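Okay, structure first, notes after.
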Amino acid sequence: MASCFWYGLLLLASMGLSFGQEPAPAAGKLPDAAEINAILHQLADITGFKIRRQLPFQSITRDQINAYVKDQIKHAVHPKEIHAEELSLKKLGFVSSDFDLKQTTIDLLTEQAAAFYDFHQKKLFISEWATSSMREEALVHELAHALADQNYNIEKYLNKDPDDSEESLARQAVVEGQASWLSVEYAARQAGKTLRDGETASEYFRKEVDPDDPQYPVFSKAPLYLRATMLFPYEDGESFQQAVVLQYGQEAFAKLFLKPPVSTAQVLHPERYFAGAAPVLPVLPKPAKGMNASVEGVFGEEDMQVLLRQFISVQVARGLAPELTGGRYRVDEYKKDHRTALLFITAWDSEDSAAAFINAYRQVLEKKWKSAETTGQDGTHFEGKSEDGYYRVERKGKTVLSREGFSAAAPAFD
């Protein structure tokens, strides 16, 4: 989804997230160069990557991490990008109308960072406040980033097409998923095991994060979309990496940088990556007379999973979202009064799944707004009015188009 502020922040410096660890009474000593080099050599043995230079590193306090994130936002993200992202999230219903994306992002990244590797400075930062258990896991994770970066320019890799949020998130899943997988494989090898063994994989792979973990109050209170999008590269990326390793062996590590996935659907369904099945993106209508396009983006399977989970149920999301073949959205603005309207189009693999979605999306709209009065409907469309304006949702074959927030009744699907 998105105009890439949220994804862009995740690309500024890859934060080492270590969820669900038990707190320790003291942070413990910081690692030295010998320990870092020993881990790098083991990671090189697993991946086949080469260690090309000595890695600089330093400790950092929580206050310094907070200042670092703010500085990155100030210098790397334009205020218009923040506004565009926030507007998109609000129009699609992912966050409330008073949500502050910038501050929540700063708080989230500050809370989670036990260590991080800066792809621009080529430097490792290790937090002073993190517990020993958090730091150890995060250290291996971030050293995996550093090693990959010495073989492939990760900053360039992650920013290949910043306007395509689907491809950006899929590439983020490669970077974070590979590092997460290597953290687990590293631990398994300390016990003489490997994740290529099915029983070991079942034993070692992390369980789902508890959304109410008291150690992470900012994360626990964040909107579902931000939590899910933040976890996707780590959890689903890790599962994706496992599938690719089982398919290609050691070649998998380099292959994912040379031939990355192009969508979240390929990450969620590795067989689609193996088959080269790319999204099929439908075309949005042009802005109506008196309106200008303001923000637009791609809407993929992970976005659909979150939308249906948030407004309907996990069961519906798991059953319907994989049927999506591609989606787009655009926020248009009225020239006179600057009110905004949403155009949201999705393509499905069959007319049945498109029909199922239009029925599901009516439930979404009924919960998305405080009041939604449907005044006309039949088997292929429904329309009405909410506090946001007039809306019309229509299915044409395998495609569903929703127009929302118009000052007058929305036109039919051309």
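Read the figures in this text as sums done on the coordinates, not as results from a lab. Note that the structure is predicted; figures quoted are calculated from it, not measured.
Adding -39500 (n - 2.57) for every DSSP H run of four residues or longer, then dividing by how many residues the chain holds, sets the calculated 222 nm ellipticity at -15500 deg cm²/dmol. Of the cross-linked pairs LYS70/LYS286; LYS367/LYS396; LYS221/LYS336, which ones have a Cα-Cα span greater than 29 Å in the structure shown? Pairs exceeding the cut-off: LYS70/LYS286; LYS221/LYS336. Taking the Cα atoms of the stretch 335-387, the ratio Rg/Rh between the radius of gyration and the Kirkwood radius comes to 1.03. For the stretch 35-94, the alpha-carbon coordinates run over 48, 28, 18 Å along the three principal axes, in decreasing order.
How big is the Cα convex hull of the stretch 291-406 in projection, averaged over all directions, in nm²? Walk me through the numbers before you get to the answer.
Details: hull surface 27.4 nm².
That works out to 6.9 nm², a quarter of the Cα hull's surface.
Here the ratio of the Cα radius of gyration of the chain to 2.2 N^0.38 Å is 1.02. With q set to 0.17 Å⁻¹, the log10 of I(q)/I(0) for the stretch 47-127, from the Debye formula over equal scatterers at the Cα positions, is -0.80. Shown here is the pair-distance distribution of the stretch 177-307: with all Cα-Cα distances grouped in 10 Å bins from zero up to the longest one, the shares run 10, 32, 30, 18, 6, 2, 0 percent.
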